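Below: the structure, in structure tokens.
What follows draws every value from the coordinates through simple rules; no lab data is involved. None of the values given here were measured: they were computed from a predicted structure. Positions of Cβ are backbone-derived with ideal geometry, glycine not excepted, and every protein chain shown enters the neighbour counts.
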Amino acid sequence: MDVRQSIHSDHAKQLDTAGLRREFLIEKIFETDSYTMTYSHIDRIIVGGINPVSKTVTIGSEVGQQLGVSYFLERRELGVINIGGAGVITVDGETYEIGHEEALYVGQGAQNVGFSSLDPAKPAKFYYNSAPAHTRYPNRKITLAEASPQTLGDDATSNRRTINKFIVPDVLPTCQLTMGLTKLAPGNLWNTMPCHTHERRMEVYFYFDMNDETAVFHMMGHPQETRHLLVHNEQAVISPSWSVHAGVGTQRYTFIWGMIGENQIFGDMDHVAVSELR
């Protein structure tokens, strides 16, 4: 488990490029036949990926020991979105076939969770977020057709995109976790501009669907003192509540967002006009 500390905004101002990448960028999400796990003290979110190829991958009791509990989800909920080939997630003996761009919510208290691929030649890539949870809600698979879509932006400003809200109150109940997948329209490059902060929630962006020579310039920092991280395929950025979070790519890309915090109101944002950015 890679543990990241909370970073004060005044501290972040002092960091150079290497320091910003060390604190906020998750460079490795997927490892073959294994799982990755990054624990952030910012609202205690856990972020990672599971890439089963030749075997079933489980998150074992060692994670519970690191969290001070008996097993991973004893006091947590889990959201998973598959960006690879079709796979299967088994939760306490119940199986869910999760296809490409489909999601699964796993409620607090699930003890045995296993991840496998239907075809090793086209393995699943399960990206996940986990949040502390106070009660159990039912497990549920969510297809792309069942997600709550919202199209925003305009071709003229290069930010036309469709936000597919998989794990939100309009679709299913959770304790605090929300997740979705945003697809940019062809020829569009910005994911969120004008940008915003939300003091009441932190967020993680996971960028993918990019080739080796595509990159996203992810903007972060206070609105009047912005910085950036250069993000490549299948990498993620931890965004504290005090930071803007927006990005522009050298080519079109897709990203998954996940949020936890005080509320689950998607529109609860503190908008920042482009003219106010520095």
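How far, in nm, would the chain grow between Glu262 and Val3 when pulled straight, counting 0.36 nm per residue and subtracting the alpha carbon separation? Spell out each step's value before the answer.
On the way: separation 259, 0.36 × 259 = 93.24 nm, distance 2.22 nm.
Extending this stretch completely gives an extra 91.0 nm.
Okay, helix-only estimate at 222 nm for the chain: each DSSP H run of n ≥ 4 adds -39500 (n - 2.57), divide by all residues, round to 500 deg cm²/dmol; what do you get? Kindly include the intermediate steps, with their values, before the conclusion.
On the way: 3 runs with 20 residues, N = 278.
Taken over the chain, the calculation gives -1500 deg cm²/dmol.
Taking one equal scatterer on every alpha-carbon of the stretch 2-276, how large is log10 of I(q)/I(0) by Debye at q = 0.08, 0.12, 0.13, 0.17 1/Å?
-0.30, -0.70, -0.83, -1.49
In whole angstrom, and with the biggest value first, how far do the Cα coordinates of the stretch 1-144 range along each principal axis?
47, 35, 29
Kindly put Leu181, Leu144 in sequence by how many other C-beta atoms sit within 10 Å of each C-beta, fewest to most. The partial results should precede the final answer.
Numbers: Leu181 23, Leu144 15.
Ranked by crowding around the Cβ, least crowded first: Leu144, Leu181.
Counting Lys and Arg as +1 and Asp and Glu as -1, each charge on the Cβ, what is the dipole of the chain about the Cα centre in debye, to the nearest 20?
For this selection, approximately 100 debye.
DSSP beta bridges in the chain, what fraction antiparallel, as a percent rounded to 5?
On the way: 81 of 85 bridges.
The antiparallel proportion sits near 95 percent.
Can you sort His100, His218 from fewest to most other Cβ atoms within 10 Å of each residue's own Cβ? List each step's numbers first, then the result.
Working: His100 15, His218 26.
Ascending Cβ contact count within 10 Å gives the list His100, His218.
Can you grab the distance from the C-alpha centre of the stretch 182-235 to the C-alpha centre of the stretch 67-105, Å, no decimals?
The stretch 182-235 and the stretch 67-105 have Cα centres separated by 25 Å.
Compute the length gained on full extension between Leu144 and His100: take 0.36 nm times their separation in residues and subtract their Cα-Cα distance, giving the result in nm to one decimal.
On the way: separation 44, 0.36 × 44 = 15.84 nm, distance 0.91 nm.
14.9 nm is the gain from fully extending Leu144 to His100.
Can you figure out the FRET efficiency of Ala121 with His41, using R₀ = 41 Å and their beta-carbon distance, to the nearest 0.05? Write down the numbers at each step before the final one.
Details: r = 39 Å, r/R0 = 0.96.
Rounded to the nearest 0.05, the efficiency is 0.55.
Diagonalise the Cα gyration tensor of the stretch 127-216 and give the resulting equivalent ellipsoid semi-axes, square root of 5 times each eigenvalue, largest first, whole Å. Mind showing how you got there, number by number?
Working: eigenvalues 139, 44, 40 Å².
Calculated on Cα positions only, the semi-axes equal 26, 15, 14 Å.
Assuming 0.36 nm per residue, please report the length gained on full extension of the stretch Lys13 to Arg200 beyond their Cα-Cα distance. Show your work: numbers first, answer last.
Working: separation 187, 0.36 × 187 = 67.32 nm, distance 2.12 nm.
The span from Lys13 to Arg200 would gain 65.2 nm if fully extended.
Could you tell me what % of all Cα pairs in the stretch 137-278 have separations over 21 Å?
Numbers: 4184 of 10011 pairs.
Looking at the stretch 137-278, the distances longer than 21 Å represent 42 percent of pairs.
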